[in-house]
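Read through the structure below, which is laid out as structure tokens, and then see the notes.
The values are calculated or read from the model by the stated rules, or taken from the named source; none is laboratory data. Since this is a predicted model, take the numbers as computed values, not measurements. Here Cβ is always computed from backbone atoms with ideal geometry, including for glycine, and neighbour counts include all displayed protein chains. Keep in mind that these areas ignore ligands, DNA and RNA; they rest on the heavy atoms of the full protein, side chains included. Shrake-Rupley method; radii C 1.70, N 1.55, O 1.52, S 1.80 Å.
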Amino acid sequence: MRVATCKLGAWDVTSEGRGMKFSRRDLLVWGAGAAAGLMVTPVPWKVLDDVSIWSQNWSWIPQPGRGPVEVKSSFCTLCPQGCGLRVRMAAGWPVGVAGLKTHPLSQGAMCPLAFGAHQLNWHPQRLKVVRHKADQSTWQAAQAEFANACKEGPVMVIDGYPGRAASSVLESFAQKHGGQYRVVLGAEARSLAPYEAWSGAPVSALGYDVGHANTILSFGAPLLDGWGMPGQFTRLWAERAAGLSDPQLRMIQAESSLSRTAARAWQWVQIREGSEFALASGLARALMEQNLVPAHGPVPFMSIAEAAGRCGISADAITELARVIVAHRPTLVIARDENPAVAALNVVLGNVGVPGGIVRKSKEDRRIHTADRDISNTRALLIDASVPWDFVPRTDAEVFRFAAWDGGSSNADWLLPAPGFLESETDVPSAPASAIESYGIAIKLVKATSDVRSAAEFVANLEPSLVSAEKIIRQRCQDLWQKRAGVVHGQEITPVAKFASAQKLEEELRRGSVWVGEGLPQGGFHCELKEWPADVAAPGAGDWTSEWSVPVLPALASKLHVESNLRERPRRRNA
Amino acid sequence: MSARYGMVIDLDRCTGCGSCMMACAAESNVPALPQASPRTGITPMLVRKVSNGKEGNRRREAFIPIMCMQCEHDTPCVKVCPQQAVEVDKATGIVMQMPQRCLGCRYCMTACPYHARYFNWWDPAWPAGMEKSLNPGVAVRMRGVVEKCNLCHGRLHAAKEKAAADGKREIDPADYVPACVEACPTGAIHFGNFADANDPAAKEARSPEAFRLLARLGTEPKVYYKSKERWVRELAESKSANSSEVQHG
């Protein structure tokens with residue numbers, strides 16, 4: 001057997017009996033050829049690329065799911081504003097959320113938090129099981145306990161999103177058991193409460209007609225930062241006011257600090273914190289003394305000088321502001337929260353029941369009662385998942401609280417897992433404080449990953465005679481169709497009268513279209529102000545998440561307040 | 001026909017809400033990691049607050065969204081990348097970042113005059129199950145590579161696929177809208193093809209109120225800003241335009 005032999009400078013290789021000499025020169029030529037070949041062959045670069053790709057795609061790195069992609073129209077039901085949504089779904093899961101441009105009110109805009117809403121269902125604080133105090137329990141145990149409580153004494157049901165079909169179920173249940181139905185309203189709706197007291201029209205039927213106003217005087221309302229339906233005012237402001245020195249829409253912000261709204265306002269009036277009552281009174285007095293409004297109604301007891309002192313601005317500034325707000329009418333005054341003096345300023349300006357003022361959007365005449373935090377003489381308290389987590393009642397009653405996410409410190413005896421984002425069907429009534437009546441249906445788009453139930457389903461199980469939310473939605477569609485009023489905004493704008501049947505109308509609404517009413521003729525609605533309101537302690541300003549009723553924020557919200565300095569850290573939220 | 005995609009951002013319309021930041025992060029599959037900070041987090045679209053430096057009623061504030069400016073001339077990040085992981089796409093004008101080639105040296109981050117590049121300090125991670133909510137049009141990037149805005153290139157691909165399926169060579173402009181543009185509630189961000197002189201965004205870029213940040217560097221960014229307020233326009237040449245809150249007297 002022959003073997004290869006190696007010598008210094010030459011390499012004798014034998015193969016099958018034939019000799020081949022590989023010289024030192026050959027080695028050098030081979031080396032040079034290989035080096036030159038490497039320069040032109042793509043192989044090493046391709047290998048380098050592939051190694052990079054392999055090393056960046058380890059099995060433990062999460063990868064997006066694969067599957068058919070489709071786009072669905074729906075509504076955001078995380079707060080009562082009900083903005084239109086365009087949800088991109090892949091393999092049956094939502095993978096992106098954007099505003100729905102065909103929605104006539106939200107016009108494709110949403111609050112920043114909604115862009116991460118599709119990730120909320122997997123939030124680590126998602127409530128997946130029934131909890132009784134600190135222990136895990138079952139739906140059967142919760143239901144049995146609630147049924148016992150209903151037999152032993154009165155119950156109270158608290159709702160944070162009134163007007164839905166589910167709300168009707170909850171209200172009917174409370175009435176059948178001799179209990180009470182109460183609601184927790186957001187700041188915009190609360191700011192309309194004085195008009196309810198002075199006119200008799202319920203808050204749910206009232207709205208701010210911002211679309212027809214030429215001047216808006218805001219007393220700290222975050223008009224450009226989450227007030228109302230985000231798209232409704234911001235779009236209007238962008239088209240009629242942004243950057244213009246003499247805008248069609250003059251937005252004046254009276255606030256103690258330079259908020260986002262104040263920063264972009266036509267005029268920022270810096271007043272002392274908590275002096276909104278004084279400014280409203282001083283302005284009303286100035287309007288009357290300068291004969292800028294017809295002399296009617298009660299005169300504020302506070303003089304302009306006194307008001308100026310409390311606001312930290314000059315009396316001349318108040319008088320000048322009074323002239324400015326009537327120079328470009330209609331002028332709409334908006335309070336941040338319930339503030340009777342600010343509401344009274346609208347009455348003084350004659351801005352009630354007129355376009356560009358406080359208007360009545362529907363014939364709804366049933367007043368709803370708001371919930372107090374102190375609740376007594378009640379055996380059991382059932383809190384719907386729509387109630388803001390910050391609402392923690394002080395009560396001896398046994399508390400059954402529905403929630404999709406556990407925000408902690410709820411003091412509830414029972415925590416019951418509710419459907420999360422787009423995990424249940426619900427109807428979407430008119431947005432609070434909007435001047436336009438609307439109705440939509442948000443269908444169930446996402447399958448729940450745990451055993452969740454809504455409060456309406458829970459009480460319907462106990463009381464089978466209750467009409468289900470689904471039937472109520474069907475009935476509401478039937479009512480809309482029979483009235484033959486309004487139009488439906490979908491891919492096209494279709495008058496209700498053109499729908500062949502109520503079923504066709506319902507099908508269209510279930511596709512994410514929205515019904516919009518024609519509005520009521522104004523004039524029949526007015527407020528009677530017998531005396532100038534007394535000063536009341538106005539609630540303090542919330543932070544930028546205060547109208548977000550969900551106890552947790554989407555994980556991506558950390559981009560706004562942790563990974564950048566754009567926004568301050570929310571006070572009470574679990575990001 | 002090659003395009004030159006860019007943006008004009010009307011700062012008078014920007015309210016600093018942050019919708020563009022949220023939409024960008026969701027679209028790009030950027031994770032929200034608890035250990036991230038303003039220095040280490042990934043925010044390809046970052047809105048900064050600026051002020052005129054005055055106090056009381058004379059104080060004015062504005063918000064400036066900062067992202068990759070898509071520099072066209074002597075693109076600083078392209079020039080310094082030793083891996084050819086950054087290049088200006090001649091067909092679109094978009095400055096492309098190829099994470100597969102990036103070795104994480106971060107020269108590009110240092111070179112970028114706008115501080116619009118971010119480094120992946122950690123493996124991307126989401127709470128259990130949340131990976132189902134990731135955008136299938138964008139791959140998840142690994143630890144150790146640099147990230148930036150690529151004008152939602154995944155959406156451009158989707159628009160091209162749709163055009164090809166319809167038998168067209170050119171995309172419908174309505175099919176290619178970056179996430180931040182779509183999300184802006186005031187319509188402050190106008191996106192378009194600057195190669196087309198009749199494009200509305202291109203027309204806006206030529207308006208007297210339009211300006212570019214650090215234009216003196218000559219990198220020809222394709223992101224323009226617009227404001228009627230002089231103090232805001234003057235900020236464009238500020239040497240401190242990247243601080244979190246810029247004051248300008």
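Numerical summary
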{"item": "Single residue of A:126, A:131 found to be under 24 Å from the mean Cα position of the chain (by Cα), open to solvent by 10 Å² or more (accessible area, probe 1.4 Å) and either over 30 Å from residue A:241 (Cα atoms) or modelled with pLDDT of 95 or more (or both)", "result": "A:126"}
{"item": "Single unsatisfied condition, residue B:71 versus (1) surrounded by 24 or more Cβ atoms within 10 Å (Cβ to Cβ); (2) hydrophobic (A, V, I, L, M, F, W, C); (3) in a strand (DSSP E or B)", "result": "(3)"}
{"item": "In the range A:332-347, residue nearest to residue A:237 (Cα to Cα) [restricted to those that are open to solvent by 10 Å² or more (accessible area, probe 1.4 Å) and outside any loop (DSSP other than H, G, I, E, B)]", "result": "A:347"}
{"item": "Where a residue in the range B:139-159 is within 13 Å of chain A (Cβ to nearest Cβ) and its partner, wherever it lies, is surrounded by fewer than 22 Cβ atoms within 10 Å (Cβ to Cβ) and part of a helix (DSSP H, G or I), with Cβ under 7 Å and at least six apart", "result": "B:146/B:109"}
{"item": "Residue count for the range B:176-206, restricted to those that are within 14 Å of chain A (Cβ to nearest Cβ), open to solvent by less than 30 Å² (accessible area, probe 1.4 Å) and in a loop (DSSP other than H, G, I, E, B)", "result": "6"}
{"item": "Qualifying residue in the range A:267-279 (condition: open to solvent by 10 Å² or more (accessible area, probe 1.4 Å), hydrophobic (A, V, I, L, M, F, W, C) and free of Cβ contacts under 8 Å to residues at least 40 places away in the same chain)", "result": "yes"}
{"item": "Whichever residue in the range A:451-461 is touching a residue at least 24 places away in the same chain (Cβ under 8 Å) and out of contact with any strand residue (DSSP E or B) (no Cβ under 6 Å at 6 or more places or on another chain) and, among such residues, is farthest from residue A:382 (Cα to Cα)", "result": "A:451"}
{"item": "Total residues in the range B:91-127, condition touching an Asp or Glu at 6+ places or on another chain (Cβ under 6 Å) and more than 14 Å from every other protein chain (Cβ to nearest Cβ)", "result": "1"}
{"item": "Matching option when the condition is in a strand (DSSP E or B) and either within 14 Å of chain A (Cβ to nearest Cβ) or closer than 30 Å to residue A:46 by Cα (or both), among B:82, B:65", "result": "B:65"}
{"item": "Residue B:19 touching a residue at least 40 places away in the same chain (Cβ under 8 Å), under 25 Å from residue B:200 (Cα atoms) and open to solvent by 20 Å² or more (accessible area, probe 1.4 Å)", "result": "no"}
{"item": "Residue B:235 being open to solvent by less than 30 Å² (accessible area, probe 1.4 Å) and on the phi < 0 side of the Ramachandran plot", "result": "yes"}
{"item": "Of all residues in the range A:407-440 being β-branched (Val, Ile, Thr) and in a strand (DSSP E or B), the one that is nearest to residue A:488 (Cα to Cα)", "result": "A:428"}
{"item": "Criterion violated by residue B:88 - all others in (1) within 14 Å of chain A (Cβ to nearest Cβ); (2) open to solvent by 40 Å² or more (accessible area, probe 1.4 Å); (3) not basic (Lys, Arg) satisfied", "result": "(1)"}
{"item": "Residues that are in a strand (DSSP E or B) and touching a Phe, Trp or Tyr at 6+ places or on another chain (Cβ under 6 Å), drawn from the range B:1-45", "result": "B:6, B:7, B:8, B:9"}
{"item": "Search result, residues across the range A:421-435 that are in contact with a Leu (Cβ under 6 Å, 6 or more places away or on another chain) and at negative phi", "result": "A:421"}
{"item": "Tally, over the range B:141-162, of residues that are crowded, with 22+ Cβ neighbours inside 10 Å and modelled with pLDDT under 95", "result": "1"}
{"item": "Selected residue (only one of A:529, A:566 is under 21 Å from the mean Cα position of the chain (by Cα) and either modelled with pLDDT of 80 or more or open to solvent by less than 20 Å² (accessible area, probe 1.4 Å) (or both))", "result": "A:566"}
{"item": "Residue in the range A:561-568 that is more than 14 Å from chain B (Cβ to nearest Cβ), of a type outside the set (A, V, I, L, M) and in a loop (DSSP other than H, G, I, E, B) present", "result": "no"}
{"item": "Every residue from the range B:22-60 that is closer than 30 Å to residue A:269 by Cβ and without any contact (Cβ under 8 Å) to a residue 40 or more places away in the chain", "result": "B:47, B:55, B:56, B:57, B:58, B:59"}
{"item": "Scan of the range A:218-257 for residues that are at the interface with chain B (Cβ under 9 Å from one of its Cβ atoms), assigned to a loop (DSSP other than H, G, I, E, B) and crowded, with 20+ Cβ neighbours inside 10 Å, ordered by number", "result": "A:224, A:225, A:226, A:242"}
{"item": "Complete set of residues in the range B:100-111 that are part of a loop (DSSP other than H, G, I, E, B) and either more than 20 Å from residue B:37 (Cα to Cα) or among the hydroxyl-bearing types (Ser, Thr, Tyr) (or both)", "result": "B:100, B:101, B:102, B:103, B:105"}
{"item": "Any chance residue B:130 is within 12 Å of chain A (Cβ to nearest Cβ), surrounded by 20 or more Cβ atoms within 10 Å (Cβ to Cβ) and touching a helix residue (DSSP H, G or I) at 6+ places or on another chain (Cβ under 6 Å)", "result": "yes"}
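Conditions tested, residue by residue: (1) of a type in the set (A, V, I, L, M, F, W, C); (2) facing chain B (nearest Cβ under 8 Å); (3) buried (at least 22 other Cβ atoms within 10 Å of the Cβ); (4) not in a loop (DSSP other than H, G, I, E, B).
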{"site": "A:72", "(1), (2), (3), (4)": "no, no, no, yes"}
{"site": "A:78", "(1), (2), (3), (4)": "yes, no, yes, no"}
{"site": "A:82", "(1), (2), (3), (4)": "no, no, yes, no"}
{"site": "A:87", "(1), (2), (3), (4)": "yes, no, yes, yes"}
{"site": "A:97", "(1), (2), (3), (4)": "yes, yes, yes, yes"}
{"site": "A:101", "(1), (2), (3), (4)": "no, no, no, no"}
{"site": "A:105", "(1), (2), (3), (4)": "yes, no, yes, no"}
{"site": "A:109", "(1), (2), (3), (4)": "yes, yes, yes, no"}
